[in-house]
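Report on the following structure.
The values are calculated or read from the model by the stated rules, or taken from the named source; none is laboratory data. Here the structure is a predicted model, which means the values were calculated and not measured. Using ideal geometry, Cβ is built from the backbone for each residue, glycine included, and neighbour counts are taken over all protein chains shown. With ligands, DNA and RNA removed, areas are computed over all heavy atoms of the protein, side chains included. Shrake-Rupley method; radii C 1.70, N 1.55, O 1.52, S 1.80 Å.
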Amino acid sequence: MEEIELLKKQIEQEQEVRRKTQVLLQEKTMHLALVEEQLRNLNASLERQIEEGNAALKQSENRYQQLVESLKDIVYKISPEGFFTFVNPVVEQVLGYKENEIIGKHFTELVLPEYREALTGFYWNMMKEKQGSTYTEFPAMAKDSRVVWIGQSVHLLKKDNRTVELSAVARDITDKKNTEDILRTTEGRLTALITNLQKAVLVEDENRKVILVNQLFCDFFGISATPDTLIGTNSFESLEQIKFSFEDPESFMSRMTELINNQKIVVEEKITAVDGRILERDYIPIFQEGVYRGNLWEYADITQRHLSAENIRKSEEKYRKIMDNMELGLLEVDNDQRIVRAYDRFCKMIGYSEEELVGKIAPELFISKDYESILNAEQEKRTQGRGSSYEMKLIRKDGSPLWAIISGTPIIDEDGKTVGSIGLHYDITERKQLEQELKQAKQIAEDASHAEKQFLANMSHEIRTPLNAIIGMTHLLFDTRPSQQQKEYLDILKTTADFLYGLISNLLDMAKIEDGRVEVKKKSFDLIGVLRTTQQIFKIKLDNRPIKLNLMIDGQIEGNYIGDDLLLNQILLNIVGNAEKFTEEGTIEIAVKVKKEEGENIWLEFKVSDTGIGIPTEKLDLIFQKFEQVTLDGNKHRGTGLGLAITKQLVELQGGSISVKSIEGQGSTFSFILPFQKTPEGINTIKKDITAEGLKVTRILVAEDNAMNQKYISNLLNKWNFPFIIAPDGKKAVELAQKQVFDIILMDIQMPNMDGYEATINIRNTDNPNKKTPIIALTASALVDQKNRAMAVGMNDFISKPFTPNHLLGTIQEYLNAQKTSDKEVITNTNGKIELNRAFLNELYGDDKEYAADMFQTFLLEVIPDFSILKDLINNQNWDTLAKVVHKLKPTLAMVGLPALEKEMLDFEEKIGVSPDKEVLGLIWNDIFADITQCIPIIESELAKLRT
Ligand code: ADP
């Protein structure tokens with residue numbers, strides 16, 4: 001119970017605490033409400049107070065703000081530490097920052113880096129020196145990085161003698177700054193210009209007070225003061241100082257006054273200084289907006305320029321004098337040929353005065369019309385900047401011609417452009433006239449000489465026609481076994497005719513050489529053979545006379561040489577002929593030796609010495625001249641005096657030289673040196689002997705009206721077994737040519753009814769089987785004209801009468817071979833079938849089947865077996881015989897319609913001659929032989945056809 005009691009008590013106690021706590025809480029709550037009430041009251045009063053204060057503040061702030069914002073200037077404040085505390089909205093217009101972006105920033109952030117230090121220093125200084133307000137300029141950086149120049153007034157705001165703030169009014173001064181810059185540079189440039197000007201400059205105002213002067217001015221006139229100290233002084237003072245620098249001080253001063261009074265620009269006035277300097281003065285009055293404001297004086301020292309101009313003038317003078325003395329006329333023209341300047345000498349040459357010339361177009365005034373194109377060509381060169389010399393015909397004022405050699409040079413300006421040209425004229429009128437006279441004289445001489453030659457040719461023509469017959473007949477008479485008596489007469493006849501022939505030949509030779517018609521024809525020939533032949537000929541000639549004829553040949557000389565054997569032969573005949581003529585007894589010696597060798601080239605020296613009458617020393621120089629005969633002993637030595645002149649020319653024509661040594665009464669030695677070329681080792685060309693043998697001739701047509709000539713030719717052709725027909729005139733020849741094929745036609749030129757030219761034209765151009773037959777002209781005239789004409793009408797060659805039997809035979813042979821080999825048709829047709837050359841056969845045999853059959857049969861029976869021996873000859877390397885056999889067999893192939901094979905044989909023959917080689921020749925021959933063998937059945941069947 002006690003426990004319960006205790007518990008009750010405990011509860012009662014707890015209830016008591018709870019009650020008490022409740023009361024306390026009530027009390028506290030009440031108190032709090034009171035405090036709250038009090039606080040609320042206080043707050044209300046405070047709020048009221050603030051509201052009142054705020055209103056007042058706002059009022060003043062508004063006013064201030066309006067003021068600030070009405071300005072275009074930035075107004076800002078920064079703390080002494082440099083942070084922005086205030087800025088007005090203008091900042092946005094100037095720098096692009098909003099106010100709130102600026103507040104709190106350090107001022108340096110807005111300043112260009114390189115000015116930050118300076119500006120900081122400036123503020124520091126301001127604070128340190130306690131300056132109330134200052135002005136400063138600096139470049140600021142706008143938000144978009146533009147540089148904005150700021151000019152600002154800064155004020156210190158102090159409280160208790162302590163800086164509390166800096167306030168500033170700042171303005172954008174960029175434009176002003178830029179203008180300042182420009183002004184500064186211009187000013188700088190001007191100053192630099194004036195100071196560096198190579199002229200002395202003085203600028204004075206209207207009261208003659210010095211505004212500007214440069215150092216050069218002081219230097220020029222020896223003024224010791226510096227330009228700076230002169231500025232502001234009266235320029236009269238300086239002038240008084242400098243006037244004595246001039247030769248005439250008073251007129252210098254008075255001229256100046258005069259200039260100032262006139263107020264007109266006067267430049268390049270020359271004044272001579274006492275020390276010899278030459279000055280050039282410019283006076284320029286200065287006007288500003290129409291009002292006279294002063295003067296600009298410039299002085300330049302032109303002594304040097306003046307001197308060089310003087311020098312140029314002097315040298316020009318000098319050259320003009322030289323040119324005048326040299327008789328050179330000088331003319332200057334522009335690009336349009338307009339005369340710019342004409343010098344004295346030229347004026348004298350052409351006859352016009354300088355005034356008449358200048359401004360005129362040169363070619364219009366005095367260039368001969370026919371020279372305009374030359375002038376234009378020259379002018380073209382000039383525009384390309386090239387100079388040149390040329391000859392020109394000008395017309396003088398009086399109409400007479402002025403011939404001049406002109407040396408033209410382009411005139412080129414500083415830019416390299418041609419602005420005209422200058423021509424030096426050298427008068428060659430006299431020379432030109434002389435030249436023309438000479439030309440005329442030469443023409444007359446040439447005409448005369450031509451007439452002489454024509455006469456000579458005509459005369460020889462007249463003489464040669466009968467002479468031809470005489471010589472020809474003599475030859476034939478010797479063949480008719482004359483009696484001893486007759487033979488003697490014949491000898492005389494022959495000697496006389498030969499002399500006459502020689503004379504005419506010499507004359508014609510000389511004419512030919514002088515006309516340049518003699519050509520050196522080089523070919524490989526047997527030198528020793530030529531020498532031996534000469535020896536043989538003269539041995540026969542010397543017959544029983546007590547003269548030995550020796551031939552001495554240098555051991556080094558052997559084989560063939562390349563040169564003109566015909567000319568060599570003629571030279572030898574002339575010289576040995578003379579030795580024979582002028583030697584009674586003793587020895588004639590022909591000696592040949594190698595004089596010089598150089599690679600392929602070899603020079604041989606020929607010496608012909610005799611023990612004859614010799615030549616007087618004083619005549620030695622003469623004997624090589626035309627028509628010079630030293631030994632004038634009547635009829636004993638007959639000659640023309642042309643032999644040695646011709647000989648010398650023939651030697652020199654070949655690049656050789658000739659000389660003579662002689663002792664009168666003892667003998668003479670003629671030496672000549674000629675160049676030759678060596679032939680490669682082993683070459684031994686086949687000597688093509690002129691023989692009628694092996695030459696198969698079907699028929700020859702001879703057109704000749706002269707009975708004697710007819711006889712001469714007939715006898716020769718009969719002797720060679722050549723069938724022929726004679727036509728007594730051109731007309732008959734044409735008729736015959738229409739009927740049958742000829743191997744060759746020998747055609748006289750002068751014939752009755754129809755001459756040789758006409759007949760040839762007829763044969764060449766009408767339908768007949770001889771259109772292509774070789775036609776050889778036979779004529780007594782050796783004139784080139786006739787030869788050309790013969791060729792022009794279609795003849796193939798030309799034999800001038802009198803011809804030797806060999807000459808005629810050689811020509812016939814040459815043309816028969818050429819004709820056959822010229823046909824290059826292959827033996828097979830396009831199908832590879834062997835075919836005979838029908839055209840060729842037709843030409844050979846025409847309708848004469850019997851003759852053709854005869855030829856074909858002969859070929860098969862007699863010629864074919866001969867081909868088989870060639871193989872052995874090749875194997876035995878019997879080259880000489882091989883060449884001979886091939887040469888003989890070759891033409892037979894053409895006779896059976898195989899001209900292509902004949903050509904192969906010809907090539908083969910040439911190979912044997914040039915480089916005989918067993919292997920090579922063996923192979924070639926095999927080919928040819930195979931071809932021939934292939935052809936046999938075809939020839940056989942052709943023969944069968946011909947027989948039916
Ligand atoms: P020509 O036809 O008269 O002989 P050349 O011109 O051949 O004329 O010779 C001219 C002259 O030179 C001869 O007339 C002769 O006087 C002289 N002459 C030429 N060769 C000899 C020689 N071997 N001996 C003596 N005199 C010679």
Of those in region 574-598 that are within 12 Å of the ligand (Cβ to nearest atom) and part of a loop (DSSP other than H, G, I, E, B), the residue most open to solvent (accessible area, probe 1.4 Å) is E584
Considering residues that are within 16 Å of the ligand (Cβ to nearest atom) and in a strand (DSSP E or B), the number found within region 532-573 is 4
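Is there a residue being among the aromatic types (F, W, Y) and either in contact (Cβ under 8 Å) with a residue 24 or more places away in the chain or open to solvent by less than 30 Å² (accessible area, probe 1.4 Å) (or both) anywhere in region 380-401? Break it down into steps so the answer makes sense when it comes.
Going through region 380-401, the residues among the aromatic types (F, W, Y) turn out to be 390.
Next, from what is left, pick out any that are either in contact (Cβ under 8 Å) with a residue 24 or more places away in the chain or open to solvent by less than 30 Å² (accessible area, probe 1.4 Å) (or both): none.
Looking through region 380-401, none of the residues is among the aromatic types (F, W, Y) and either in contact (Cβ under 8 Å) with a residue 24 or more places away in the chain or open to solvent by less than 30 Å² (accessible area, probe 1.4 Å) (or both).
Can you tell me how many residues in region 267-286 are farther than 18 Å from F221 by Cβ and either touching a helix residue (DSSP H, G or I) at 6+ places or on another chain (Cβ under 6 Å) or among the acidic types (D, E) (or both)?
Keep residues of region 267-286 that are farther than 18 Å from F221 by Cβ, which gives 267-268, 284-286.
Now drop any that are not either touching a helix residue (DSSP H, G or I) at 6+ places or on another chain (Cβ under 6 Å) or among the acidic types (D, E) (or both), which leaves 268.
Residues meeting the conditions: 1.
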Does region 752-768 contain any residue that is within 16 Å of E704 (Cα to Cα), open to solvent by 40 Å² or more (accessible area, probe 1.4 Å), modelled with pLDDT under 85 and not β-branched (V, I, T)? yes
Within region 737-751, residues being in contact with a helix residue (DSSP H, G or I) (Cβ under 7 Å, 6 or more places away or on another chain) and open to solvent by 50 Å² or more (accessible area, probe 1.4 Å) number 0
When (1) more than 25 Å from Q288 (Cα to Cα); (2) in a helix (DSSP H, G or I); (3) open to solvent by less than 60 Å² (accessible area, probe 1.4 Å); (4) touching a residue at least 12 places away in the same chain (Cβ under 8 Å) are applied to Q241, the one that fails is (3)
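For region 245-350, give me every one of the strands (runs of 3 or more DSSP E) that falls completely inside it and has 1 or more residues that are under 41 Å from the mean Cα position of the chain (by Cα).
Working: elements: 266-272, 278-288, 291-301, 328-334, 339-342.
So the answer is 328-334, 339-342.
Would you please name the residue that is most open to solvent (accessible area, probe 1.4 Å), looking only at residues in region 150-204 that are more than 30 Å from P89 (Cα to Cα) and charged (D, E, K, R)?
Checking each candidate, the answer is R189.
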Considering only helices (runs of 4 or more DSSP H) wholly within region 721-811, the ones with at least 1 residues that are under 29 Å from D847 (Cα atoms) and among the charged types (D, E, K, R) are 730-739, 756-765
In region 599-612, anything part of a loop (DSSP other than H, G, I, E, B), open to solvent by 30 Å² or more (accessible area, probe 1.4 Å) and within 16 Å of the ligand (Cβ to nearest atom) is listed as T611
For I302, the lone unmet condition from (1) more than 30 Å from R345 (Cβ to Cβ); (2) open to solvent by 100 Å² or more (accessible area, probe 1.4 Å) is (2)
Of the conditions (1) modelled with pLDDT under 80; (2) within 16 Å of the ligand (Cβ to nearest atom); (3) open to solvent by less than 40 Å² (accessible area, probe 1.4 Å), the single one that L632 does not satisfy is (3)
- Report whether or not G232 is under 19 Å from L212 (Cβ atoms) and in contact (Cβ under 8 Å) with a residue 12 or more places away in the chain. yes
For region 611-628, pairs from a residue that is at pLDDT 85 or above to a residue that is within 6 Å of the ligand (Cβ to nearest atom) and among the charged types (D, E, K, R), with Cβ under 6 Å and 6 or more apart or across chains, are L622/E628
Filtering region 407-432 down to residues that are open to solvent by 90 Å² or more (accessible area, probe 1.4 Å) and assigned to a helix (DSSP H, G or I) yields E430, R431
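Of the residues K494, K453, which is on the phi < 0 side of the Ramachandran plot, open to solvent by 30 Å² or more (accessible area, probe 1.4 Å) and in contact with a His (Cβ under 9 Å, 6 or more places away or on another chain)?
Working: K453 fails: in contact with a His (Cβ under 9 Å, 6 or more places away or on another chain).
Just a single option satisfies the conditions, and that option is K494.
Going through V213, V169, V203, V164 one at a time, which residue ends up being in contact with a strand residue (DSSP E or B) (Cβ under 8 Å, 6 or more places away or on another chain), closer than 19 Å to D73 by Cβ and hydrophobic (A, V, I, L, M, F, W, C)? Break it down into steps so the answer makes sense when it comes.
Numbers: V213 fails: closer than 19 Å to D73 by Cβ; V203 fails: closer than 19 Å to D73 by Cβ; V164 fails: closer than 19 Å to D73 by Cβ.
Only one candidate passes the filter, namely V169.
Can G563 be described as under 11 Å from V530 (Cβ atoms) and at pLDDT 90 or above? Spell out the reasoning first.
Numbers: under 11 Å from V530 (Cβ atoms): yes; at pLDDT 90 or above: yes.
So G563 passes the test.
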Practice problem: Would you confirm whether any residue within region 92-108 is more than 16 Å from I74 (Cα to Cα), out of contact with any Cys (no Cβ under 8 Å at 6 or more places or on another chain), open to solvent by 60 Å² or more (accessible area, probe 1.4 Å) and in a helix (DSSP H, G or I)? | Solution: no
Within region 528-573, of all residues that are acidic (D, E) and touching a Lys or Arg at 6+ places or on another chain (Cβ under 8 Å), the one least open to solvent (accessible area, probe 1.4 Å) is D564
Here the residues within region 323-338 that are among the polar types (S, T, N, Q), open to solvent by 30 Å² or more (accessible area, probe 1.4 Å) and modelled with pLDDT of 85 or more are N335
Residues in region 635-672 that are at pLDDT below 85 and open to solvent by 60 Å² or more (accessible area, probe 1.4 Å) total 3
Filtering region 849-883 for residues that are without any contact (Cβ under 8 Å) to a residue 12 or more places away in the chain, closer than 24 Å to V741 by Cβ and surrounded by 12 or more Cβ atoms within 10 Å (Cβ to Cβ) leaves a count of 2
Filtering region 778-790 down to residues that are at pLDDT 80 or above and within 48 Å of the chain's Cα centre (by Cα) yields A790
Counting only residues in region 678-704 that are surrounded by fewer than 20 Cβ atoms within 10 Å (Cβ to Cβ) and closer than 15 Å to I745 by Cβ, the one modelled with the lowest pLDDT is identified as V697
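Right, D866: assigned to a helix (DSSP H, G or I), acidic (D, E) and modelled with pLDDT of 85 or more or not? Talk me through it step by step, then tell me what you get.
Working: assigned to a helix (DSSP H, G or I): yes; acidic (D, E): yes; modelled with pLDDT of 85 or more: no.
No; evaluated as a whole, the condition is false for this residue.
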